[in-house]
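Asks: Below are the structure tokens for one structure; questions will follow.
The values are calculated or read from the model by the stated rules, or taken from the named source; none is laboratory data. Remember, it's a predicted structure, so these values are computed and weren't measured experimentally. We place every Cβ from the backbone using ideal geometry, glycine too, and count neighbours over all the protein chains shown.
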Amino acid sequence: LPPALAATLKTATEAGTRIASICTGAFVLAAAGLLDGRRATTHWLSTDLFARTFPTVTVDPDVLYVDEGEVLTSAGEAAGIDLCLHMIRRDHGAAVAADVARRTVVPPHREGGQAQYIRRPVAEPRTASTGRARSWALTRLEEPLTLNELAARESMSVRTFSRRFREETGLTPMQWLTQRRIDRARALLEETDHTVDRIAADAGFGTAASLRQHFQAGLGVSPGTYRMTFRGSRSV
């Protein structure tokens, strides 16, 4: 890496500039020293080489993108779109990110922790073998849905349903359900003045404590902090 480019990247980061890489662009950030001691990802075909070349970086080969605050990395080109939508969502909220996704004709939200590669293409809910269950669940997120209920919607055993669900989405049914509930909670935090208790109930988490736990685990912030970021200093 040219020393001048490495110096420019370091200076930008030290000044608070957020820097993101797409696909093998992570090699450039690592060569500049921006990923030392951090988690990062790159295209799955290059993760072994990346790990050997930059042993001070913790490489995660199984995710779409990694958000380390001011430095972010993504897997392949499609995952780069997911990363860009993630940054828009982080800065401006889920509604704006969803609008950008619609305008660019891409799926509105894929979590960074989702697998880079799954054995079958991700199918749309109406055509996938587990699609009816997902569509049904999306209209009942506030209810205490169980794996048995989801499997029953497709007339499958729990084992078969779970296997097909993961093949089609890259997630377990409960992981997918938790992500969709977090999505609903985010929208309610951004768009309403509801209390955290009510949002927890409406999103299917049951209690405010459960919502806070899942929100913190999934997004790294509390519901209150998230709301203040996008809606000013209103009390929750």
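Asks: Being of a type in the set (Lys, Arg) and closer than 22 Å to Ala78 by Cβ is the filter here, so list the residues in region 1-41 that pass it. First the steps, then the outcome.
Replies: Filtering region 1-41 down to residues of a type in the set (Lys, Arg) leaves 10, 18, 38-39.
Scanning region 1-41 gives Arg18, Arg39.
Asks: To continue, here is another question. Return yes when Ala30 is touching a residue at least 40 places away in the same chain (Cβ under 8 Å), over 18 Å from the mean Cα position of the chain (by Cα), buried (at least 21 other Cβ atoms within 10 Å of the Cβ) and under 22 Å from Leu9 (Cα atoms) and no when it is not.
Replies: Working: touching a residue at least 40 places away in the same chain (Cβ under 8 Å): no; over 18 Å from the mean Cα position of the chain (by Cα): yes; buried (at least 21 other Cβ atoms within 10 Å of the Cβ): yes; under 22 Å from Leu9 (Cα atoms): yes.
Here the answer is no, as Ala30 does not meet what is asked.
Asks: Would you mind finding the one in Ala79, Ala98, Ala26, Ala75 that is modelled with pLDDT of 95 or more and either closer than 17 Å to Leu1 by Cβ or in the same structural domain as Thr11 (by TED's automatic domain parsing) (or both)?
Replies: Details: Ala79 fails: modelled with pLDDT of 95 or more; Ala98 fails: modelled with pLDDT of 95 or more; Ala75 fails: modelled with pLDDT of 95 or more.
Only one candidate passes the filter, namely Ala26.
Asks: Step by step: first the residues of region 1-24, then only those that are touching a residue at least 40 places away in the same chain (Cβ under 8 Å) and among the hydrophobic types (A, V, I, L, M, F, W, C), then the one that is surrounded by the fewest Cβ atoms within 10 Å (Cβ to Cβ). Which residue is that? Show your work before the answer.
Replies: At the first step, the residues of region 1-24 found to be touching a residue at least 40 places away in the same chain (Cβ under 8 Å) are 13, 16-23.
Narrowing further to those that are among the hydrophobic types (A, V, I, L, M, F, W, C): 19-20, 22-23.
On the way: Ile19: 17, Ala20: 19, Ile22: 21, Cys23: 19.
If we take residues in region 1-24 being touching a residue at least 40 places away in the same chain (Cβ under 8 Å) and among the hydrophobic types (A, V, I, L, M, F, W, C), then Ile19 is surrounded by the fewest Cβ atoms within 10 Å (Cβ to Cβ).
Asks: Determine if region 78-91 includes at least one residue that is touching a residue at least 60 places away in the same chain (Cβ under 8 Å) and over 17 Å from the mean Cα position of the chain (by Cα).
Replies: Checked against the condition, which is being touching a residue at least 60 places away in the same chain (Cβ under 8 Å) and over 17 Å from the mean Cα position of the chain (by Cα), region 78-91 yields no hits at all.
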